[in-house]
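One structure is given below, encoded as structure tokens.
The values are calculated or read from the model by the stated rules, or taken from the named source; none is laboratory data. In this text, all values refer to a predicted model and were calculated from it rather than measured experimentally. No Cβ is skipped: glycine too gets one built from the backbone with ideal geometry, and neighbour counts run over all protein chains shown.
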Amino acid sequence: MAPAHAIRAVLRPHTTGARETIAARARDRGVLGWVRDGEQDTLQVHAEGDAAAVDALLAFLGEAGAVASEPVRVEGHEQFAIRGVSAGVFVVQEHAATAHHFDLRLEVGGVMRSWAVPKGPSLDPAVKRMAIEVGDHSLSHNTFEDRLGAGGVIVWDRGTYEQGGRVAWPEALDRGHAVFVLHGEKLAGGFALQRTRRGAKAQWLLIKRRDEHARPGSDIVAERPESVVSGRTLQQLLG
Ligand code: MN
């Protein structure tokens, strides 16, 4: 069934915990979309679905402190998400092995889902970096930085991340399109992972989304080669 109706609302909530309350109400009524922090203690809500359910949520938002709402285009959400909330940690480890690569790892369901990115991440939205899905790692591996076999590993970047997109995680990963926001020391802003080939070593593309953190023409891997833990480059670690 196609959602019939979509609105955006801005509210100045009377109470704390309003994000969670709004999300719970929306989910109860089968309304899809998201709630996130706006400017100056406001909340922004995108709500779509059955017109009666959306109107009922809008009435609730009015009581909760809505200051404005307007009809908008239906976007095809499949969840009601609280945006701007950390989903866990991420790490990028630079790994000198048989083939030099960077390992992007995102915390999902208590493990680090991992992709080997031969050329490393980019902040240039025009650059698509191949990412090969590899086995999950434990969270305890996130701080690993040392020589390893004939090669070695440095912690190239780390931080927290938010899950985004119209589909809830981990389903978004299962379906092969996952949108997320990184808060690292080098990497920041929205990224997308798009699967291009299924199979044992599934292939994905890692793409920077266009936002205020995008840096067209930049090469972050070359500009910032050092470990965020020790300040050493992989070269120095191996030297
Ligand atoms: Mn690796």
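Brief remarks on what is shown
- Cβ pairs under 7 Å, 6+ apart, first in the stretch 178-203 and free of Cβ contacts under 8 Å to residues at least 60 places away in the same chain, second assigned to a loop (DSSP other than H, G, I, E, B) and aromatic (Phe, Trp, Tyr): ALA178/TRP169
- Across the stretch 137-147, the qualifying residues are those that are assigned to a strand (DSSP E or B) and farther than 28 Å from GLY176 by Cα, and the one among them that is nearest to the chain's Cα centre (by Cα) is ASP146.
- Qualifying position, being of a type in the set (Asp, Glu) and touching a Pro at 6+ places or on another chain (Cβ under 8 Å), among GLU63, GLU48, GLU70: GLU48
- Output for the stretch 99-122, where each listed residue is among the aliphatic types (A, V, I, L, M) and either more than 14 Å from the ligand (Cβ to nearest atom) or more than 20 Å from GLY164 (Cβ to Cβ) (or both): ALA99, LEU106, VAL108, VAL111, ALA116
- Across the stretch 139-172, the number of residues qualifying as within 13 Å of the ligand (Cβ to nearest atom) and of a type in the set (A, V, I, L, M, F, W, C) comes to 6.
- Residue match in the stretch 213-234 (condition: surrounded by fewer than 13 Cβ atoms within 10 Å (Cβ to Cβ), in contact with a Gly (Cβ under 8 Å, 6 or more places away or on another chain) and at negative phi): no
- The number of residues in the stretch 70-97 being more than 10 Å from the ligand (Cβ to nearest atom) and either of a type in the set (S, T, N, Q) or within 26 Å of VAL54 (Cβ to Cβ) (or both) comes to 17.
- Residue match in the stretch 64-77 (condition: in the same structural domain as ASP28 (by TED's automatic domain parsing) and within 16 Å of LEU173 (Cα to Cα)): yes
- Residue match in the stretch 118-140 (condition: closer than 18 Å to SER227 by Cβ, modelled with pLDDT of 95 or more and surrounded by 20 or more Cβ atoms within 10 Å (Cβ to Cβ)): yes
- Any hit, the stretch 136-156, residues being touching a Pro at 6+ places or on another chain (Cβ under 9 Å) and over 18 Å from LYS186 (Cβ atoms): no
- Some residue of the stretch 14-21 being under 24 Å from the mean Cα position of the chain (by Cα), assigned by TED's automatic domain parsing to the domain that holds ALA64, free of Cβ contacts under 8 Å to residues at least 40 places away in the same chain and over 10 Å from PHE80 (Cα atoms): yes
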